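Below is one structure, written out as structure tokens; comments come after it.
The values are calculated or read from the model by the stated rules, or taken from the named source; none is laboratory data. As the structure is a prediction and not an experimental result, all values here were calculated from the model. Because the Cβ atoms are built from the backbone with ideal geometry, glycine has one as well, and the counts that use them run over all protein chains shown. Side chains are part of the model used for accessible areas, which takes the heavy atoms of the whole protein and leaves out ligands, DNA and RNA. Shrake-Rupley method; radii C 1.70, N 1.55, O 1.52, S 1.80 Å.
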Amino acid sequence: MASNCVENRGPASRREVFAWCMYDFANSSYTTVIITVAFSVYFTTVVAGGEDGNGERLWGWGYALSMLVIGLMAPLLGAVADHGGFKKRFLLFFTSLCILATSALFFVGPGDIVLGLMLLALSNIGFNGGMHFYNSFLIDVSDRSNIGRISGYGWALGYVGGLLCLILVYPLIKGGLVDANLASYRLSFPLTALFFLVASIPTFLFLRERSTVRANLTAGHHIRGGLRRMIETFHEIRKFRELTKYFFGYLLYTDGINTVAVFSAIFANKVLGFTPGEIVMYFVVVNVSAALGALAFGPITDRLGARGAISITLVILTGVMAGVYMVETKTGFYIVGLVAGAAMGSNQAASRALLGLFTPHGKNAEFFGFFATVGKFSAVLGPIIYGEVTAATGNQRYAILTIGAFFLVGLLLLQFVDEKKGKEAAEGFEETHPLK
């Protein structure tokens, strides 16, 4: 196939690798404060209110549907970006969307369910759209010998960013969700957006867009070119059998990880009685363990193999869910949280590295688009099941067991993936489809 863009390859400088990692540092503020710690609890407790599980149900559906939207969009957007050299432009667009919608969460008050869900959806679409294109730069700033380490550096720095943003907003949310503190609590949302904005500046200054457009082409031309690329990829998918098998396992175990992120603070607040201030301190500790896990597992991923590293983390996470089901004290929740954080940080870094190993150059955004679609579809089922089980039983502990099942089945499916054959398929495709 004749490409409409050329790729200006070359080794990434340390500054560029750092700039790439800084996006993880920046955007983790959103997942940590908005999705996991602060807005999730605020929405289910203040906006949707009540102890009947309806808040959890609305939160689960709102989050899931926003993931479905970006999941449907991701493959075409990725193909268009590869066709026209637009990865960095799309990254900027979705980042801006997330920052603006997150800032607007300040205006969501008690009972503003529709506004809260709409802004949640827009901010989450922005975050995940940006994450898709950010991830696709991984094989530009690494090679197959160090991809695990660099992916791990990004995830580790990301958890540090989430930790620092938590510390920054702590004075605003430590007073809890009493009426006198709600205005201060809501200020944590635009402050998080500001953190994201400032911390992402190095990424947009120093991360290179290696693919450049050959000529001035219309938007319609790029869309048609992206569609052709998608059709060709579907026709060639038999060449990437290991990637296809990996997607099935990834869909299930990532569903579990997404659900943990979406409901862990809600569980801590409503089941174990954590105050907002205690939740912040809890996630400070968990983020430290997750950063250390991602950092430590980077070299292990390169030596042991990404599939093996992922398998180890899934065994640990399955056990962690059993521990959460049984835990009765805040101290016990701290202990399982430390283990879960380390395993999740390691898992996410290794998962991204394994896709990078299976991705040929020139198909970065397109393959990561399919990766994003699988990940987003995986974020649809888990939160809905969790919310529905909680609403039906009135007990979040039963919902926790469903997450463990996702980890276990994902682990079993992953054992059918041959990492060596997957890498050989990517390298063989590069040899037969040289970039022009």
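Worth a mention:
- Contour excess over end-to-end distance, with Cα ends at Arg15 and Gln415 and 0.36 nm allotted per residue: 140.3 nm
- The portion of the accessible surface of segment 120-192 made up by carbon and sulfur, rounded to a whole percent, is 66 (1.4 Å probe; DNA, RNA and ligands excluded).
- Once the Cβ-Cβ distance of Ser96 and Ser145 is raised to the sixth power relative to R0 = 41 Å, the FRET efficiency obtained is 0.75.
- Distance (nanometres) between label positions extended 7 Å along Cα→Cβ at Thr331 and Val198: 3.9
- Approximate spin-label separation Leu401-Leu68, in nm, with each point projected 7 Å along Cα-to-Cβ: 2.7
- Which listed pairs, of Lys87/Lys245; Lys88/Lys245; Lys88/Lys423; Lys330/Lys420, have C-alpha distances above 32 Å, in listed order: Lys330/Lys420
- Segment 251-267 versus segment 97-168: alpha-carbon centroid distance in Å: 15
- A Förster radius of 30 Å, combined with the Cβ-Cβ distance separating Leu177 from Phe107, puts the computed FRET efficiency at roughly 0.95.
- DSSP-loop GluC sites (Glu not before Pro) across segment 12-78, with at most 13 other Cβ within 10 angstrom: Glu51
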